Amino acid sequence: MKYYLLLLVLVLMPMRAYAEDPVLGRPYWSLEMKGGLFEPALPDWAHYYSRRDMPELDLSLAYKVTRRVEIGIESGVLWAKGQGYAPLHGTLGGSVNYDLYPVNLFVLVRGVMDENQWVVPYIGGGYTKMFYSEKIEGQGSVKGSANGYHARGGLQFLLDGLDDSAANSLYGDYGIFHTYFFIEAKYTHAVVASSNLGGTSYLAGLLFEF
């Protein structure tokens, strides 16, 4: 009889432990930090800036309306320094500092079918407000903004499985459900004075869902 009781206890113990484990809910927010290169649509860019692209850094925060659909805001900074033509001035100049500050309002759809899905595709797009600044040595500066739109898509790769202990610590300490590495392509269109300040971005970064 004692052996039967011991066997019953051994069987029920894992069931009880499982029942007491907290049931994880779904994440409601996404935070992205990313960087990469932006290829301007402005003609002859490489001729005056000695390269065809410029660095880009972005930060975004989004609310998940459902597990797959989210709305959010993104801001970024892009910069370049060249010699010669200043596209917004429309004149030849000396040293030119050219900066862009895009602000994007977006809707994003992520192809999440399972919480342990290793690769997740996504697409999105929305409204863009492009702020710009152009300074020419000895000739003053031009500042302003342009309205436009953007579209983006990419792939995100789940990192949780690389270190289960670290993933559990992130959830326990900060409420982060998942961490992803992602790659992304983004197209932006924003016109001012017949010039499209947009172009194509190639980005990579980290995504945290909490």
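Each reported figure results from applying straightforward, stated rules to the coordinates on display, with no laboratory input. Values in this document were obtained by computation on a predicted structure and should not be read as measured data. Cβ placement follows ideal geometry from the backbone for every residue including glycine, while neighbour counts extend to all protein chains displayed.
Results, tabulated for the structure shown:
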{"read-out": "Residues satisfying the stated conditions in the range 168-210, i.e. over 27 Å from TRP118 (Cα atoms), surrounded by 14 or more Cβ atoms within 10 Å (Cβ to Cβ) and hydrophobic (A, V, I, L, M, F, W, C)", "value": "ALA190, VAL191, VAL192, LEU197"}
{"read-out": "All positions within the range 193-210 that are part of a strand (DSSP E or B), of a type outside the set (A, V, I, L, M) and in contact with a Gly (Cβ under 7 Å, 6 or more places away or on another chain)", "value": "SER201, TYR202, GLY205"}
{"read-out": "Any hit, the range 103-126, residues being touching a residue at least 12 places away in the same chain (Cβ under 8 Å), closer than 30 Å to SER50 by Cβ, assigned to a strand (DSSP E or B) and out of contact with any Lys or Arg (no Cβ under 9 Å at 6 or more places or on another chain)", "value": "no"}
{"read-out": "Residue within the range 52-70 that is surrounded by fewer than 15 Cβ atoms within 10 Å (Cβ to Cβ), assigned to a strand (DSSP E or B), within 13 Å of the chain's Cα centre (by Cα) and not β-branched (Val, Ile, Thr) present", "value": "yes"}
{"read-out": "Residues of the range 102-116 satisfying the condition of being out of contact with any Ser or Thr (no Cβ under 7 Å at 6 or more places or on another chain) and crowded, with 16+ Cβ neighbours inside 10 Å", "value": "PHE106, LEU108, ARG110, VAL112"}
{"read-out": "Test result for GLY161, surrounded by fewer than 19 Cβ atoms within 10 Å (Cβ to Cβ), not aromatic (Phe, Trp, Tyr) and not in a helix (DSSP H, G or I)", "value": "no"}
{"read-out": "Hits in the range 166-192 (condition: out of contact with any helix residue (DSSP H, G or I) (no Cβ under 6 Å at 6 or more places or on another chain) and either without any contact (Cβ under 8 Å) to a residue 12 or more places away in the chain or outside any strand (DSSP E or B) (or both))", "value": "ALA166, ASN168, SER169, LEU170, TYR171, GLY172, ASP173, TYR174, GLY175, PHE177"}
